[in-house]
Structure formats: C-alpha cells, structure tokens
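Readers should treat all values here as calculations from the given coordinates under stated rules, not as data from a laboratory. On a predicted model such as this, the values are computed, not experimentally measured, just so you know. Every residue, glycine among them, receives a Cβ derived from its backbone with ideal geometry; neighbour counts consider all protein chains shown.
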Amino acid sequence: MSGLKLNTVFAKLAAVAAFAMTLGVALPAAAQHKANSDDMEVPTNDMKVVEMGKGMFGRRCAFCHGSGGHGAKGPCLSCGVFKYTGNTNSSIYVTIATGVPKNLGGTMGAFGTTMSQEEILSVITFLRWEEKRRIDGAEIPDPYKNKNDEAMVFPTQK
C-alpha cells in the first residue's frame, strides 16, 4: 500500500476513533470501564447493556471469536490482550467498525455499516464485563497488574 493511501486509511481511523471517544459522554452514569483517562467509558455495571452486548456478540462475533469471546479461529477478546489494537475501548470500537484487513494481518470485515453505534458499544461492554469476570475468577491473569494500571499497547504480530 502506498504511503499516501496508508496515511488516508490512518486519518480515517483517527477520525472514527475521535468520534467514538465522544460517544462516551452520552453513556449512562453507570459507566465503569476505561482503559485510561483518555478512553471512552463503557457501562460494565449496567446488566441491560451487558446482556444486549452478549446477545449481539453471540449473533455477530462468536462464530470466529468463540463463546464469551474466549477465542476460536479468531483471537480471544475477553483475555485483556488485543492482537491488532491497543487495549482501549476506543481502539476496540474502531476495530469492530472498520475491521482488520489482510494487509494488516487480519481477516475481519468491517461491522460499522451493519451494527449501530449502540450495538458496537454494547459488545465492548460485554467483552469488558466478561474480561473482569474471568480475572476475578482467576481464569486469566490480570493484564493490568504490575503495569501501573496503564493500558497495554499492542499489536503483537508474528
């Protein structure tokens, strides 16, 4: 991909991320998860949103990412580590909305035209709720432990 095309792609992604971050202002007071102070919050204590996200995830994402986002042919999404983006809600929003093209090492299509903003945010809320449930149950290590509560920045491409 040429430098100009790549810059255009990144500019569009940055615009989507900036827009996604503004959505955090409209979320209910129950918003509970932010990867860092600049990230948008998702309402992990609002079980109505968590259940909506769980259902949407089951219909749109589980085929590749497994039940509960535990991983299948696609990577685990409830392990606190994201293969193609940083570990922020905003980055996850951009990934769901724009996909991960083959030239960046992925094969996930864009869902931004087939899922509403509310549906995407509910999926992220469900994933963060499931991640916390798994950490609290000692199923997965706490990815923030000994990291000064800073969000991990990935990708880890091989």
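Name the shape class, rounded, prolate or oblate, that the alpha-carbon gyration tensor gives for the range 32-138, where a ≥ b ≥ c are the square roots of its eigenvalues, rounded holds for a/c under 1.5, and otherwise prolate holds if a/b is larger than b/c and oblate otherwise. Rounded is the answer for the range 32-138, as its axis ratio a/c remains below 1.5. Spin-label model, residue 70 to residue 116: label points 7 Å out along the Cα-to-beta-carbon direction sit 3.1 nm apart.
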